[in-house]
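Structure first, commentary second.
The values are calculated or read from the model by the stated rules, or taken from the named source; none is laboratory data. Quick caveat, the model's predicted, so the values are computed rather than measured. Heads up, the Cβs are rebuilt from the backbone with ideal geometry, glycines too, and the neighbour counts pull from every protein chain shown. Protein only, heavy atoms only, side chains kept; ligands, DNA and RNA dropped before computing areas. Shrake-Rupley method; radii C 1.70, N 1.55, O 1.52, S 1.80 Å.
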Amino acid sequence: MAAKRSIFTRALAVLAVTVLGALVAPVPAHADGASASVYLAPWGDDRAGGRTWWQPVRSLERARDLVRALVPAMTGDITVRLFPGEYPLTQPLHLDARDSGTGGHRVVWTSLLPQVPATISGGTRITGWSLVDPTRNLWAAPVPADLRTRQLYVEGIRAQRARGPLPVTLTATTSGYVASADTMAGWRNPSDIEFGYTGGDGYWSLHTGGLGGWTEPRCPIGSIAGTTITMAQPCWDNSTRRVVRTDGSGRTYNLVGPATLGNHEQPSYVENAFEVLTQPGQWYLDQAAHRLYYIPRPDDPLWRLDVVAPRLETLVSGDGTPEAPVHDISFRSLRFAYATWLRPSTPEGLSEIQATYSLTGTGAYATQGLCQFIDGGTCPYGNWTKTPGNVSFSNDSGSDTPCSNSSSYTRCSVATVATRHASIEWSPSISTSGSTIGTRPASWHSAAYRASAWALADKQARDGSPAPAATWITARHLANRAPSPAYADSRSRSPSRPSVTLSPG
């Protein structure tokens with residue numbers, strides 16, 4: 001028995017040395033001075049020092065504050081190293097000039113284990129599911145009273161908000177519609193319901209008229225009384241009263257035309273209504289009752305549904321001033337996940353011009369961005385409202401990094417698309433997602449993401465090398481949630497991205 005204990009003790013000692021060596025090894029000395037590191041881990045403690053891997057802090061805000069204390073005396077890059085896992089934000093991470101590199105050095109935020117990037121998340125996990133309607137296989141869960149979102153991710157895949165055809169025939173009016181029956185008057189939360197309009201343009205042989213085949217405007221309902229449906233303002237006017245040119249073309253000055261919605265102003269679908277929640281993979285948020293409803297897909301693992309509702313519109317913002325810009329900050333090998341965009345849920349809706357640029361504000365249809373073409377038009381021409389960035393920098397400067405493609409990610413400094421500024425390198429490539437903008441990485445809790453940690457550890461074991469300590473800790477942390485290879489292979493996912501905006505001021 002003593003011999004067995006001795007063998008076991010020696011094995012633990014070897015494991016400890018392996019773990020320690022693997023974690024310390026990735027921290028190189030900086031060529032032109034001692035580099036400083038700050039460590040974060042999902043299991044960290046903000047009361048810890050954060051300067052060693054065995055005493056990581058937990059929150060991005062605490063790491064930022066530690067960096068601020070180090071910046072004045074920095075003699076090399078300061079690296080914030082995030083253990084694999086998810087770092088949920090309850091508010092955006094705000095950076096300013098105090099968080100910038102000095103003396104030609106940078107502040108670098110990066111994953112400790114690039115093969116399993118850490119995730120900065122603006123989402124809230126939804127738990128406590130129960131079956132509430134067996135005939136529809138409808139499940140429900142409580143949500144925070146302040147939850148507002150336009151997206152939901154189930155096992156890392158974005159689900160479709162409840163959507164379906166209209167149950168009535170509509171006749172357009174100056175303020176909305178008259179319905180053929182009062183069916184919708186009995187629907188719950190009418191002011192949360194939206195009408196969506198797929199674009200069309202008779203000038204491009206689509207024969208539907210409307211604001212353009214590359215648009216999909218949507219307007220919320222303001223109220224329903226009997227058969228009278230009043231649409232929310234200013235979305236309705238901005239989408240139906242655009243100024244037409246006087247050259248006889250029938251087109252507007254807003255790049256697309258004619259002046260109103262296509263298909264005789266008939267909505268293509270109704271969305272975000274509980275009454276059209278009928279299809280697997282669809283969901284509905286009842287904000288008044290603080291409950292979320294979902295109909296699972298056939299392959300959803302009901303015993304442990306991983307459901308995330310994005311709730312933050314901004315994940316990271318760098319806000320400088322002309323006198324003190326944000327500069328020399330890099331984000332590398334990180335995922336930005338689960339952000340939402342809420343303006344289309346307001347009376348502004350999405351009165352789309354093109355590529356989610358839209359008209360906003362009362363009377364915008366008659367003046368916004370029309371400059372010299374219209375009396376009272378605002379300048380410059382085309383100055384319409386753009387989609388906000390989930391990662392956003394303004395008043396920024398600094399060096400950039402050339403873009404290059406790799407098999408899994410896009411290496412690109414966003415400095416190449418605007419002024420020179422803080423950069424994002426080796427993150428999923430940047431894009432928007434139309435009127436329901438959001439992000440969809442493989443979630444830390446999703447099968448694909450968990451499988452990647454196991455696959456990395458397995459590969460290193462086959463190669464005869466010990467798994468890095470971060471991978472070992474990852475595998476241990478996920479031991480009770482590991483997916484089978486068959487399940488992981490059955491769910492394909494492509495990386496998706498947050499939106500990024502960059503502005504000199």
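Per-structure values
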| item | result |
| --- | --- |
| Scope region 138-158; condition surrounded by 20 or more Cβ atoms within 10 Å (Cβ to Cβ) and part of a loop (DSSP other than H, G, I, E, B); matching residues | Val143, Thr149, Arg150, Gln151, Leu152, Glu155, Gly156 |
| Residue tally, condition assigned to a strand (DSSP E or B), surrounded by fewer than 21 Cβ atoms within 10 Å (Cβ to Cβ) and small (Gly, Ala, Ser), over region 83-137 | 1 |
| In region 235-281, the residues that are over 26 Å from the mean Cα position of the chain (by Cα), farther than 22 Å from Thr362 by Cα and outside any loop (DSSP other than H, G, I, E, B) | Asn263, His264, Glu275 |
| Residues of region 42-69 that turn out to be outside any helix (DSSP H, G or I) and surrounded by 15 or more Cβ atoms within 10 Å (Cβ to Cβ), as a count | 10 |
| Test for Gly103: is it out of contact with any Cys (no Cβ under 6 Å at 6 or more places or on another chain), over 18 Å from Asp45 (Cα atoms) and at pLDDT below 95 | yes |
| Subset of region 367-385 (residues that are part of a helix (DSSP H, G or I) and modelled with pLDDT under 95) | Cys371, Gln372, Phe373 |
| Meets criteria (surrounded by fewer than 18 Cβ atoms within 10 Å (Cβ to Cβ), in contact (Cβ under 8 Å) with a residue 60 or more places away in the chain and not in a loop (DSSP other than H, G, I, E, B)) for Val178 | no |
| Residue match in region 127-149 (condition: modelled with pLDDT under 95 and among the basic types (Lys, Arg)) | yes |
| Residue match in region 190-205 (condition: among the aliphatic types (A, V, I, L, M), modelled with pLDDT under 95 and at negative phi) | no |
| Count - residues of region 386-423 that are at pLDDT 80 or above and part of a loop (DSSP other than H, G, I, E, B) | 6 |
| Matching residues in region 250-264 - criterion: being surrounded by 21 or more Cβ atoms within 10 Å (Cβ to Cβ) and closer than 14 Å to Ala172 by Cα | Leu261, Gly262 |
| Every pair of residues 6+ apart whose Cβ atoms lie under 8 Å, when the first sits in region 91-120 and is over 16 Å from Ser330 (Cβ atoms) while the second is crowded, with 21+ Cβ neighbours inside 10 Å and among the basic types (Lys, Arg) | Thr119/Arg335 |
| Answer from Ala288, Ala337, Ala324 - the residue that is surrounded by fewer than 18 Cβ atoms within 10 Å (Cβ to Cβ), in contact (Cβ under 8 Å) with a residue 12 or more places away in the chain and in contact with an Asp or Glu (Cβ under 8 Å, 6 or more places away or on another chain) | Ala324 |
| Selected residue [of a type in the set (Ser, Thr, Tyr) and touching a Cys at 6+ places or on another chain (Cβ under 8 Å)] from Ser317, Ser330, Ser345, Ser351 | Ser351 |
| Any hit, region 338-345, residues being farther than 14 Å from Arg161 by Cβ and in a loop (DSSP other than H, G, I, E, B) | yes |
| Those residues of region 215-226 which are in a loop (DSSP other than H, G, I, E, B) and open to solvent by 50 Å² or more (accessible area, probe 1.4 Å), in sequence order | Glu216 |
